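Here's the structure, in structure tokens; my notes come after.
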Amino acid sequence: MRIRQKTIFDVIEEEGTIFKDKSVFTTEYIPEIYQYRDHQLDSMAFHSRKVKSGYAPYNMLLKGTNATGKTTTLKKYFQLIKEAYSNVFTVYINCKIHRTEYQIFSEVYKTLFHEDIATLNTYNFYNRIMDYLTENKIILILGLDEFDNIKNSIELNRTLYDFLRAYEEYPDVQISVITVSSSKNITATDLNVSTIHLPIEIGFPFYTQQEVYSILKQRVDLGFYPGVISEDLIAYISERAYRLGNLRIGIKKLEHAGDRAEYKGHYKIEKADLM
Ligand SMILES: Nc1ncnc2c1ncn2[C@@H]1O[C@H](COP(=O)(O)OP(=O)(O)O)[C@@H](O)[C@H]1O
Ligand SMILES: [Mg+2]
């Protein structure tokens, strides 16, 4: 009997031995059950109470080191507030990718109008967006994640200025900006911006080792078949992620170890797969 060599297609299509749902290990994954950030979410909700009377929430700044759940919390908050209030529009912008005022305007435009107009300049974007918000009584919440990455502080200041001072030209417009930062030294804003920005700071402390463990355990339960990894190994990975102060490393470790074990055709992850 001739044994046919496996093609790339065969390998990709093969049923795995380890992963029940690999998507839970991706960076885009938003956990359905989201623990340990109730305090931050409650605080964000508290500072959004004005939306029920048609006003924009307070500006907020989500602050904390890497992998403390800032992005996930912002996205959860957006989900929850949009569900509850149909007049609220949220725009999530990753400033690592969209680094200029023009790019940010064009992202907001795309979200509101579901179209991409390459020929508009910032000024045209601005007017169309503000007209639309005012006419339809829409509250805009702009989330600027990783906002220290805006190309330089001139762009940062201009962008914040445009959104936060829009009411000078459009008195009825309701906009709030939620900035997210992982850095200790947040890029300085101009005086004419900082006097109006004044965000409420929401802190994201490190997770405790126990919290890291239970977050990783939740991913294991969602992502692996039962019995794939022992409690001891989960504890081992948690401890390392905790010591490095980075939950994300723990999640990646689980995924890579799973990949290794699956590649070998094993049904269990061993310590050697963690290296
Ligand atoms: N409380 C939590 N429960 C479950 N997963 C979490 C929690 N906090 C963070 N994560 C996960 O850890 C990773 C990093 O979180 P993220 O929100 O991107 O952090 P940050 O934006 O602060 O760097 C993501 O994969 C996220 O799903
Ligand atoms: Mg983030």
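FYI, it's all coordinate maths here, none of it is from the lab. Predicted model only: the values in this text are computed from it and were never measured. Note that we place each Cβ from the backbone using ideal geometry, even for glycine, and neighbour counts take in every protein chain shown.
Table for the structure above
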{"read-out": "Linear extension gain, Asp221 paired with Arg243, 0.36 nm per residue minus alpha-carbon span", "value": "5.6 nm"}
{"read-out": "Global geometry of segment 120-275, whether rounded, prolate or oblate, following the gyration tensor of its Cα atoms and the 1.5 cut on a/c", "value": "prolate"}
{"read-out": "Inter-centroid distance (Cα atoms) of segment 200-275 relative to segment 72-134, Å", "value": "35 Å"}
{"read-out": "For Phe224, distant residues with modelled amide H under 5 Å away", "value": "Lys20, Asp21"}
{"read-out": "Long pairs among Lys6/Lys264; Lys22/Lys76; Lys70/Lys264; Lys63/Lys110, criterion Cα-Cα beyond 24 Å", "value": "Lys70/Lys264; Lys63/Lys110"}
{"read-out": "Computed over segment 38-204: relative contact order in percent, which uses C-alpha pairs under 8 Å that are six or more apart", "value": "36 percent"}
{"read-out": "Paramagnetic reach from Ile154 (point 7 Å along Cα→Cβ, amide N under 15 Å) across segment 92-107", "value": "100-102"}
{"read-out": "3J(HN,Hα) from dihedral phi, segment 176-184, Karplus parametrisation 6.51/-1.76/1.60, rounded to Hz, x for glycine, proline", "value": "10, 10, 10, 9, 10, 9, 9, 9, 6"}
{"read-out": "Viscosity 0.890 mPa s, 25 °C: Kirkwood-radius Stokes-Einstein D of segment 120-162 over Cα pairs, µm²/s", "value": "206 µm²/s"}
{"read-out": "FRET efficiency, 1/(1 + (r/R0)^6) with R0 41 Å, evaluated for Met275 and Ile186 via beta carbons", "value": "0.60"}
{"read-out": "Charge dipole of segment 38-204 about the Cα centre (unit charges at C-beta), most positive-ward option of Thr189, Asn87, Ile178", "value": "Ile178"}
{"read-out": "Cβ charges +1 (Lys, Arg) and -1 (Asp, Glu), total dipole of segment 1-113, debye", "value": "300 debye"}
{"read-out": "Unsatisfied cross-links (Cα-Cα over 21 Å) in the set Lys20/Lys252; Lys20/Lys82; Lys50/Lys184", "value": "Lys20/Lys82; Lys50/Lys184"}
{"read-out": "Three-way shape call for segment 42-188 based on the alpha-carbon gyration tensor, with the a/c threshold at 1.5", "value": "oblate"}
{"read-out": "Full-extension gain in nm, Glu211 to Asn87, via 0.36 nm per residue minus C-alpha separation", "value": "41.1 nm"}
{"read-out": "Tensor-based shape of segment 1-118 (alpha-carbon gyration tensor, a/c under 1.5 rounded, otherwise prolate or oblate)", "value": "prolate"}
{"read-out": "Rounded D (µm²/s) - the chain, Kirkwood Rh over Cα pairs, Stokes-Einstein at 10 °C, 1.306 mPa s", "value": "75 µm²/s"}
